[in-house]
1. Could you work out the relative contact order of the range 3-104? I mean the mean sequence separation of Cα pairs under 8 Å and 6+ apart, divided by the number of residues, in percent.
2. Would you compute, for the Cα atoms of the range 3-104, the largest minus smallest coordinate along each principal axis and list the three values in descending order, in whole Å?
3. Take the chain, mark every one of the GluC sites (Glu not before Pro) that falls in a DSSP loop and has at most 12 other Cβ within 10 Å, then report the longest stretch left between them, sites excluded.
4. Test of understanding: what is the full-extension gain from N38 to K112, defined as 0.36 nm times their sequence separation minus their Cα-Cα distance?
5. Report the label-to-label distance for S105 and A73 in nanometres (one decimal), using points 7 Å from each Cα along the Cα→Cβ vector.
6. Using a 10 angstrom cutoff on alpha carbons, build the Gaussian network for the chain and name the most mobile of V55, V66, V16.
Amino acid sequence: MTEMDKQLLAERVRSVLPDENVTHRPMFGNIGFMLNGNLLCGASRKGLMIRTDPVRETDILTSPHVTPIRMSARKMPGFLRVDPDGLASDEDLEHWIGLAMEYVSEMPKKEKK
């Protein structure tokens, strides 16, 4: 994916997310989407990062095109990447964002610092 592809993915994500309680901002060279102040998902050149329940992670990782996210050598529980091939249709994108919404919508709202 190119920088342009990242921007197109971000636009697709915006079209799926509700307008209220969702914000976006640059994060680590990507575009992060926050729900009530909690990181929900992110568009990058590598695909879509989603945040899910760590308890469900093993099952979700059996899906094609999904890999765990690592920061340096450390695995980030509950943070997964969906490769671009797993985002081909709008239904695919809605599925992955739906999984993230299920988990993150249950988190308490973060107050601004």
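1. Contact order relative to length: 25 percent.
2. Projected onto the principal axes, the Cα atoms of the range 3-104 cover 30, 28, 27 Å.
3. Working: sites that count: E20, E106, E111.
Counting only loop sites that pass the neighbour cut-off, the longest clear stretch is 21-105.
4. 25.6 nm
5. Output for this residue pair reads 4.0 nm.
6. In this elastic network of the chain, the residue with the biggest mean-square fluctuation among V55, V66, V16 is V55.
Quick note: the coordinates plus some simple rules give every number you see, no bench work behind them. All figures in this text were calculated on a predicted structure; none of them were measured in a lab. Note that each Cβ is placed from the backbone with ideal geometry, even for glycine, and that neighbours are counted across all protein chains shown.
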